[in-house]
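Novice: Okay, handing you the structure first.
The values are calculated or read from the model by the stated rules, or taken from the named source; none is laboratory data. Keep in mind the model is a prediction, meaning the values are calculated, not measured. Methodologically, a virtual Cβ is constructed for each residue, glycine included, from the backbone with ideal geometry; neighbour enumeration extends over all protein chains shown.
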Amino acid sequence: MRTIAVDAMGGDHAPKSEVEGAVRAARSLDVRVILVGQEVLVHRELEQHDDWRELPIEIVHASERVTMEDGAARAFRTKRDSSLRVASRLVRDGAAEGFVSAGNTGAVMATAKMVQGVVPRVDRPALAGILPTAEGSPVVVVDVGANVDCSPRMLAQFAVMGEIYSRIVLHRPRPRVGILSIGEEEHKGNELTRAAWPLLQSLNLDFVGNVEGSDIYAGKVDVIVCDGFIGNVALKVSEGLVEMVKHLLQESLEATITRKIGYVLSKTAFSDFKKRVDYSEYGGAPLLGVRGGCIICHGRSNANAVKNAIRVAAEFSDGKVNQRIEDELRLSAYDKMAISEPRA
């Protein structure tokens, strides 16, 4: 049984969503959950679930919480007893295999990096976005916001980490890896993407070359690497587009359907559509490259998202993803190649 710590005070609806998600996970998954937060508030939410005392759940008190307004560096320096920092310490000290937080993304990344440390041979941890595709299988986009400025060497590391995550956690047998660029040809793109191409080509990966933005959701590749600036823009545009499409589709269905049977069928189809694009089904974004598992959820995550994030954290540990990343990077040719850094 894996033990996963949950930052119970991180999300927009904390601690309600975190507690309910933890209860669902403890009921249905082979995991033990440690809820970290202000004990009185967490216990009050647990009491809403009659069977919680029979489940493998415990509370670890933390007197402070990191808000969305807190700067990452300041939160790390001044809030030493925050639920986020205590959860990360539990992983560092071996009391938990990973932790989940729907809190301040910058603070989560900084805390995990400083408290838990970085996997050997990883220059900087990267945030992996898990997005749906037309083929039905998700695509891993690395990086979606942890590193605004990247080097070719970092993109190579992102490719290795993303490929391992796709293969081990998402069960893709031979993940196809591409670089996000403005054209498929090798000479297309900026200095970073052009310098990264031969580096990725030298790795033991199924490297397909450049992919364009329109390919993200087509299912042509399983892993896409890019710098965190481009990745975050792509992620936020995608989130906004999905919300707009859902809103317009629901409006159209309600305005045009008059027969009851047609309405029921359309509602079923619409529900299926929402599930396929629902972020909560993927649980959250893994922070690849830090010791121990760290899954970062959307701030507005519901109980289903928290439950799935706990599941992903447990699968991350079961698959020994960190050890595989270290092993693959040690064997990779990129470490021996002299690749010029992109100019600022």
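Novice: Looking at 162, 231, which one is outside the structural domain of residue 109 (by TED's automatic domain parsing) and at pLDDT 95 or above?
Specialist: Numbers: 231 fails: at pLDDT 95 or above.
Checking each option against the conditions leaves just 162.
Novice: If you don't mind, another one. Of the conditions (1) in contact with a strand residue (DSSP E or B) (Cβ under 6 Å, 6 or more places away or on another chain); (2) at pLDDT 95 or above; (3) surrounded by fewer than 21 Cβ atoms within 10 Å (Cβ to Cβ), residue 174 fails just one. Which one is it?
Specialist: The number of the failed condition is (2).
Novice: Before we move on, is residue 183 more than 17 Å from residue 126 (Cα to Cα) and either surrounded by fewer than 16 Cβ atoms within 10 Å (Cβ to Cβ) or β-branched (Val, Ile, Thr) (or both)? Talk me through it step by step, then tell me what you get.
Specialist: Details: more than 17 Å from residue 126 (Cα to Cα): yes; either surrounded by fewer than 16 Cβ atoms within 10 Å (Cβ to Cβ) or β-branched (Val, Ile, Thr) (or both): yes.
When the stated conditions are applied, residue 183 passes them.
Novice: Identify all residues within segment 120-135 that are over 17 Å from the mean Cα position of the chain (by Cα) and within 22 Å of residue 324 (Cβ to Cβ); write none if there are none.
Specialist: Within segment 120-135, the subset over 17 Å from the mean Cα position of the chain (by Cα) is 120-123, 134-135.
Hits for segment 120-135 are 120, 121, 122, 123.
Novice: Residues that are out of contact with any strand residue (DSSP E or B) (no Cβ under 6 Å at 6 or more places or on another chain), assigned by TED's automatic domain parsing to the domain that holds residue 30, over 24 Å from residue 145 (Cα atoms) and surrounded by fewer than 18 Cβ atoms within 10 Å (Cβ to Cβ): does segment 63-75 have at least one?
Specialist: Yes.
Novice: How many residues are in contact with a Lys or Arg (Cβ under 9 Å, 6 or more places away or on another chain), polar (S, T, N, Q) and either more than 17 Å from residue 6 (Cα to Cα) or modelled with pLDDT of 90 or more (or both) when one looks only at segment 261-307?
Specialist: Counting residues in segment 261-307 that are in contact with a Lys or Arg (Cβ under 9 Å, 6 or more places away or on another chain), polar (S, T, N, Q) and either more than 17 Å from residue 6 (Cα to Cα) or modelled with pLDDT of 90 or more (or both) gives 1.
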